[in-house]
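Chemist: I have a structure here, written as structure tokens, and I will follow up with some questions on it.
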Amino acid sequence: MSESVLFIGDGLTANGLWSVWLPDYDVHNLGANGKTTDEVVAELDQVVDRQPAAVVVEVGTNDLGWHRSDEYVVRNMETLLCTLRKRLPAVRILVVSVPPRERELADTVRSINRHLRQFAPTQHAQYLDLWARLAGPDGEIDAAYSEDRLHLNDAAYAVWVSELKPALESLFQRPPSSTAIPIQQI
């Protein structure tokens, strides 16, 4: 039986043909167009109810459309990862970087991704950085990967999948995190 992988996030996640691109996994997609980090955090009960072997998290770009700060996005992502780790102690977690967008948002996206890269290991989560593959020299999404500087095209999804497959293989080669040992109250 193949391992279950649950994708959560925004429209970039929702529009991925993950079950086609990842036929070796039992894939489910809870991504939806327009979702922000607030909405993904609010829907974590659905993730917990499904008890997946792994969760792939990609969200944050819509928060920027609402002019939310990097600190706001990072705080929600930290809440999301801590909640997943607490409620699903053995789940494998893969956090995908916020992809590049317009040039004027480059510094904010870089800041979010720097924090996610540093925080993910504290929750025994793996970080997948797509920024280097999708951004141009000025930090804007490369025109080859988006027609509107926001939504990904087929070429961008091909890059994502080429990075995602080895990341998932690595994720499943490691043992899942185990439940913390409870400390008895005296």
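The values are calculated or read from the model by the stated rules, or taken from the named source; none is laboratory data. Keep in mind that this is a model prediction, so the values were computed, not measured. As a convention, Cβ positions derive from the backbone with ideal geometry for all residues, glycine included, and neighbour counts pool all protein chains shown.
Chemist: Scan the stretch 151-176 for residues that are in contact with a strand residue (DSSP E or B) (Cβ under 8 Å, 6 or more places away or on another chain) and in a loop (DSSP other than H, G, I, E, B) and jot them down.
Modeler: Residues satisfying the conditions are R174, P176.
Chemist: Which members of the stretch 141-150 meet the condition of being surrounded by 15 or more Cβ atoms within 10 Å (Cβ to Cβ) and at pLDDT 95 or above?
Modeler: Scanning the stretch 141-150 gives I141, D142, Y145, S146.
Chemist: Also: Looking at the structure I just gave you, is E169 without any contact (Cβ under 8 Å) to a residue 12 or more places away in the chain and within 21 Å of Q51 (Cα to Cα)?
Modeler: It is true that E169 is without any contact (Cβ under 8 Å) to a residue 12 or more places away in the chain and within 21 Å of Q51 (Cα to Cα).
Chemist: With respect to the numbered conditions (1) in contact with a strand residue (DSSP E or B) (Cβ under 7 Å, 6 or more places away or on another chain); (2) closer than 14 Å to T37 by Cα; (3) in a helix (DSSP H, G or I), which one is the sole condition not fulfilled by V73?
Modeler: (1)
Chemist: Could you tell me whether P121 is surrounded by fewer than 21 Cβ atoms within 10 Å (Cβ to Cβ) and within 16 Å of the chain's Cα centre (by Cα)?
Modeler: In short, yes.
Chemist: Shifting gears a bit: Which residue out of A144, A120, A156 is among the aliphatic types (A, V, I, L, M) and out of contact with any Phe, Trp or Tyr (no Cβ under 7 Å at 6 or more places or on another chain)?
Modeler: The match here is A144.
Chemist: Identify, by number, the condition in (1) outside any loop (DSSP other than H, G, I, E, B); (2) buried (at least 20 other Cβ atoms within 10 Å of the Cβ) that V98 doesn't meet.
Modeler: Unmet condition: (1).
Chemist: Considering each residue of the stretch 32-91, count those that are touching a residue at least 12 places away in the same chain (Cβ under 8 Å) and on the phi > 0 side of the Ramachandran plot, and give that number.
Modeler: The total comes to 3.
Chemist: Select from the stretch 119-133 the residues that are touching a Lys or Arg at 6+ places or on another chain (Cβ under 9 Å) and hydrophobic (A, V, I, L, M, F, W, C) and write down the one among them that is nearest to W160 (Cα to Cα).
Modeler: Here the answer is W131.
Chemist: A follow-up question, please. Please go through the stretch 1-52 and give me each residue that is acidic (D, E) and part of a strand (DSSP E or B), ordered by number.
Modeler: Passing the criteria: only D26.
Chemist: Which ones in the stretch 120-134 are closer than 20 Å to S69 by Cα and in contact with a strand residue (DSSP E or B) (Cβ under 8 Å, 6 or more places away or on another chain)?
Modeler: If the condition is that a residue be closer than 20 Å to S69 by Cα and in contact with a strand residue (DSSP E or B) (Cβ under 8 Å, 6 or more places away or on another chain), then A120 is the only one that fits.
Chemist: Can you name the residue in the stretch 11-30 that is touching a helix residue (DSSP H, G or I) at 6+ places or on another chain (Cβ under 8 Å) and within 14 Å of A54 (Cβ to Cβ) and, of all such residues, is surrounded by the fewest Cβ atoms within 10 Å (Cβ to Cβ)?
Modeler: Looking at the filtered set, the residue picked out is H28.
Chemist: Output the qualifying pairs, or none if there are none: Cβ atoms under 6 angstrom, residues six or more apart or on different chains, first residue in the stretch 101-126 and over 17 Å from E78 (Cβ atoms), second residue surrounded by fewer than 17 Cβ atoms within 10 Å (Cβ to Cβ).
Modeler: R101/R149; E102/R149; R103/D138
Chemist: Hey, could you check the stretch 125-140 for residues that are crowded, with 17+ Cβ neighbours inside 10 Å and in contact with a Ser or Thr (Cβ under 6 Å, 6 or more places away or on another chain) and say which is farthest from E58 (Cα to Cα)?
Modeler: Within the stretch 125-140, the match that is farthest from E58 (Cα to Cα) is W131.
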